[in-house]
Every structure is written in C-alpha cells, then in structure tokens.
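A.B. asks: Please find one structure pasted underneath; my questions will follow.
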Amino acid sequence: MSTPALRPAPPTPEEIPCLPRNFWAWVAYQFFYRIGWQFKMESTMMAGLISYLAPAPTVMGLFASLNKVGQNLAPLIAAPIVDRFRQKVMAVLLFWGLTVASWAALTIYLWSPAAGDRAQSLWVFGLCYSLFFTFLGAVSVAQGALLGKIIPAERRGQAMAVGMMLSGVINVGAILLLYRVIGKGHFPEPRNYALAFTLTTLFFVLAGASLLWVREAPSPPAGRRTGLYSTLRAFVVLTRYNRNLARLMVVNIAVSISGSMLQFYTGYWRQSGTFSEGALVLATLFQVLWQSVSSSIFGRAADRKGNRLIICILLWVEAMVPLAALVLGGLEPFRGHWAWFTGVYALVGFRFPLYQLLVNYLLEVVPQRDHAMALGAVTTAQLTTVPAPLVLGAIAGIWGYAAAFLIASGIVAYAAIIALGMDEVRLRKSSALEI
C-alpha cells in the first residue's frame, strides 16, 4: 500500500497570473514551431521521404515504431528532471536545443551528395529521426509543465487558437511557394525534402528564441526521490488515485496508435498510382489550412465549454480518417484522381487540436506540482503502443491497407466511448478575460 504522503491531492482550481508577455511568448513559440513542423509533417513530407527511401509498409511501420520508442521512453527519464527544475522554461530550452540540433544534422546530410545513396540515407535518416523524437519526448513534458504555470486554464485553448491561426496564414503562402519551387524540377527527391527541412530548422530556432521572453516564478523545490523505481512508483500512484487521469491515459494510448497511421496514408496513396511530389505539397497545404481553421474554432470552444466535450468530438473525427482513406483512395470514382485523396489530409488537419486539448485537460485534472510527473506517466504509458506500427505495417503488407485502417478506426472509436466517462472539472467563470 502506498504511503499517504505520496497520494496526490484532488484537483482544485489554481490561480495562475495571466501576464500578456507570457501569453504572447507562448503564442510566438507555437507560431514558429507550427510553421517549422508543416515542412516535416508525418503524414506528408516525412511519409514521402520514407516511402521514397523504402516504400514497403513494413519499413514505414518500423520508422513509426522508432519514433514511438524515443518519444515515449524519454519522458520516463525527463519527467523527474523537469520536476526538479524550479524554472520550467529552462528545461524546455535545454531539451529543445537538443531536438533542433538532431534535425539540423539530418538536413545538412540531405543537402550533401551522399544523400543520393538510398541505402546509406536510410540509416542516417533512422538515426537522426530517432534522436529527434527522443528529445522531442522530453520537450513534451517540459513544455506542458511550463504551460501549466504561465497560462490560466481558461486561456490555454485561446493561446493554441491564436498561434495556429497566425501560423496557418503564413504556412499557406509558404507551402504554395514551395510547391512552385519543387514544380520547376530544381529540387528532385530527396533534395525537395532537404529544402523543406531547412525551413523546419530555421523556424524551430525562432520558436526556442521566443521563450526567452517568458517570465516565470520559481517552483518550490521538488521533494520526490530520484531513480527509475521511484519515478515509476510515482507514476502509478498518480494514476491510481485520479480516475480522470487513468481514463485519459487510455485515450492517449488509442490516439498514439492512430497517430502511427499517418505515414501509411501516403504509402497507400503512392500505391494507388496517383501520388506525385506536387500533389504531396498540395496535400500538406490542405492539412495546414484545416488544422488552422479547426484550432481557431475548437481552441476557443474548449475554453468556453470545457476540454472534455471537444476531445470527444475530435476523437470521432479521428476514427473517421482511416475510413476516409479507404473510400477516397480505394473506391471508384475517387481513386482515379489524386485530388480526392487530399480530403484525407483535410480530416487529419481538422482533428489536429485533439493533441493539445488532451494536454490541456491533464493540466486541469492534476495539481500543478504534479504536472511534470503526470505528463511523464501518460507519455510513458504509450510505450505499450510501440509494436503497433510494426503490427499494423505487417497487417497492411499481408492483408492490405484496408485491414490496418479498419483496426485503427475501431481502436479510436473505443477511446471515444471511454472519454465519455471523464469529468469536466473546470469551474467555469461567467466571463473570460480578454487580452
């Protein structure tokens, strides 16, 4: 039986000062981060590069698993480290610097003549890709803990909405420009990815610089024990006494499995024979446009109505994505033209706010002093999904993409039912402050 001292207190409303400079620093961080991310999106650019280097669905599943190992194992180590940082912004900057450095190394390689060797490039890509997501997993814990300290609960959706809306406008123009450049033929594969990833690295650097404006009060010293066993025990205790956190963990596992399908959509599209480099960029444009619109709408709606309601809605949208891929990429008359399949990426963009709203909900159902450890617990639990891309890739290779897509859709539908049992814990205020 756990000692009473380790039992987390029930969630209570926590007053967090809303400093305009912190709000806009966070918006700027998300703004530059999201612009950079568009040029390496998992469902389009990354999937295009992987399918270029090795088109088999089993190989795509392998890389998705490498992604998950690093991204979900890192929080087990990073959570107690972030917990002991009195200023969480310093933890974010530390892990973010390592993340950007790993992506910059891959970008430099893709510009080199050696990138023409597909076999060698596959290994270099695998190393940099794994390091990037390992450090990004640590960043997810640190930035979540920082968000919980500097932005009030009723403003977090708005912060996401503003950042995504602003970045969306820029991204639409930037991706159209990239489409024209690639369309001229001056940057054939894999140089087109090197060009896109250069922009990713630049905007990632600007994102980190934005956090230098944050003003954060030091946290009380963490009194938890260090060590792997103590960390795992703290994870278990946090989940055992918080029903909402336990259900949220199940939902995150299902969303993680569904997220591993992103690369399969582009592989399925390439298999249909209508895939092209230009169409891939346009698909990215559709995804960017809809995730910007969706974030603007659902971010503000979550602040007014609560995160749980919007999470449930977006989970059903997530469950529809694999089914849309089957229809638009496999049935007549849709499969005859590439334009239909861009609808899949529109849905992928539409459900995008789900990931941030899951974090926002966690920050509400867990006391602030436990944010880093709770984020680490939820992310570490997703290690159970590491085999999922390999299994789904094998299923797609043996029985076809349809079987893998139907399984992924069913898993997310189950998560949507589980989410109905979560509580809406925020005490809504009669009116929200406006900046």
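A.B. asks: Going by what's in this entry, would Val391 be described as buried (at least 21 other Cβ atoms within 10 Å of the Cβ) and either within 17 Å of the chain's Cα centre (by Cα) or touching a residue at least 40 places away in the same chain (Cβ under 8 Å) (or both)?
C.D. replies: On the way: buried (at least 21 other Cβ atoms within 10 Å of the Cβ): no; either within 17 Å of the chain's Cα centre (by Cα) or touching a residue at least 40 places away in the same chain (Cβ under 8 Å) (or both): yes.
Against the criterion (buried (at least 21 other Cβ atoms within 10 Å of the Cβ) and either within 17 Å of the chain's Cα centre (by Cα) or touching a residue at least 40 places away in the same chain (Cβ under 8 Å) (or both)), Val391 does not qualify.
A.B. asks: Can you tell me which residue among Met373, Met422 is surrounded by fewer than 24 Cβ atoms within 10 Å (Cβ to Cβ), in contact with a Leu (Cβ under 8 Å, 6 or more places away or on another chain), of a type outside the set (Ser, Thr, Tyr) and farther than 21 Å from Ser260 by Cα? Show your work before the answer.
C.D. replies: Working: Met373 fails: surrounded by fewer than 24 Cβ atoms within 10 Å (Cβ to Cβ).
Going through Met373, Met422 in turn, the sole match is Met422.
A.B. asks: Of the conditions (1) surrounded by fewer than 19 Cβ atoms within 10 Å (Cβ to Cβ); (2) in contact (Cβ under 8 Å) with a residue 60 or more places away in the chain, Leu146 clears all except one; give me its number.
C.D. replies: Result: Leu146 fails condition (1) only.
A.B. asks: Tell me the residue from Arg225, Arg155, Arg191 that is surrounded by 15 or more Cβ atoms within 10 Å (Cβ to Cβ) and at pLDDT below 80, please.
C.D. replies: On the way: Arg225 fails: surrounded by 15 or more Cβ atoms within 10 Å (Cβ to Cβ); Arg155 fails: at pLDDT below 80.
Exactly one of Arg225, Arg155, Arg191 is surrounded by 15 or more Cβ atoms within 10 Å (Cβ to Cβ) and at pLDDT below 80, namely Arg191.
A.B. asks: Further, regarding this structure: Would you be able to tell me the number of residues in the range 245-280 that are over 21 Å from the mean Cα position of the chain (by Cα) and assigned to a helix (DSSP H, G or I)?
C.D. replies: Residues of the range 245-280 that are over 21 Å from the mean Cα position of the chain (by Cα), as a first pass: 268-279.
Next, only the ones that are assigned to a helix (DSSP H, G or I) stay: 268-272, 277-279.
Total meeting the criteria: 8.
A.B. asks: Considering Thr201, Thr239, which residue is within 27 Å of Ala419 (Cβ to Cβ) and within 24 Å of the chain's Cα centre (by Cα)?
C.D. replies: On the way: Thr201 fails: within 27 Å of Ala419 (Cβ to Cβ).
Only one candidate qualifies: Thr239.
A.B. asks: Out of Thr231, Thr200, report the one residue that is more than 26 Å from Gly163 (Cα to Cα), touching a residue at least 40 places away in the same chain (Cβ under 8 Å) and among the hydroxyl-bearing types (Ser, Thr, Tyr). Lay out the reasoning, then the answer.
C.D. replies: Working: Thr200 fails: more than 26 Å from Gly163 (Cα to Cα).
After ruling out the rest, the residue left standing is Thr231.
A.B. asks: Within the range 88-134, restricting attention to residues that are among the hydroxyl-bearing types (Ser, Thr, Tyr) and part of a helix (DSSP H, G or I), which residue is surrounded by the fewest Cβ atoms within 10 Å (Cβ to Cβ)? Let's see the steps before the verdict.
C.D. replies: The first filter runs over the range 88-134 and keeps only residues among the hydroxyl-bearing types (Ser, Thr, Tyr), leaving 99, 102, 107, 109, 112, 121, 129-130, 134.
Right, trim to part of a helix (DSSP H, G or I) and you get 99, 102, 107, 109, 121, 129-130, 134.
On the way: Thr99: 21, Ser102: 19, Thr107: 21, Tyr109: 19, Ser121: 21, Tyr129: 20, Ser130: 17, Thr134: 23.
Per the stated criteria, the residue is Ser130.
A.B. asks: Could you tell me whether any residue of the range 86-102 is farther than 26 Å from His371 by Cα, modelled with pLDDT of 90 or more and hydrophobic (A, V, I, L, M, F, W, C)?
C.D. replies: So the first thing to find is which residues in the range 86-102 are farther than 26 Å from His371 by Cα, and the list is 101-102.
Cutting the leftovers down to modelled with pLDDT of 90 or more gives us 101-102.
Applying the additional criterion that residues be hydrophobic (A, V, I, L, M, F, W, C) yields 101.
Scanning the range 86-102, I find at least one residue that is farther than 26 Å from His371 by Cα, modelled with pLDDT of 90 or more and hydrophobic (A, V, I, L, M, F, W, C), so the answer is yes.
A.B. asks: Show the residue pairs that are 6+ apart or on different chains and have beta-carbon atoms under 8 Å apart, the first residue being within the range 157-170 and farther than 18 Å from Thr284 by Cα, the second being assigned to a helix (DSSP H, G or I) and of a type in the set (Asp, Glu).
C.D. replies: Gly157/Asp303; Gln158/Asp303
A.B. asks: Can you tell me which residues in the range 288-329 are in contact with a Phe, Trp or Tyr (Cβ under 8 Å, 6 or more places away or on another chain) and at pLDDT below 85?
C.D. replies: Listed by number, the list holds a single entry, Gly329.
The values are calculated or read from the model by the stated rules, or taken from the named source; none is laboratory data. Note that the structure is a prediction, hence the values are computed from the model and not measured. Note that we place each Cβ from the backbone using ideal geometry, even for glycine, and neighbour counts take in every protein chain shown.
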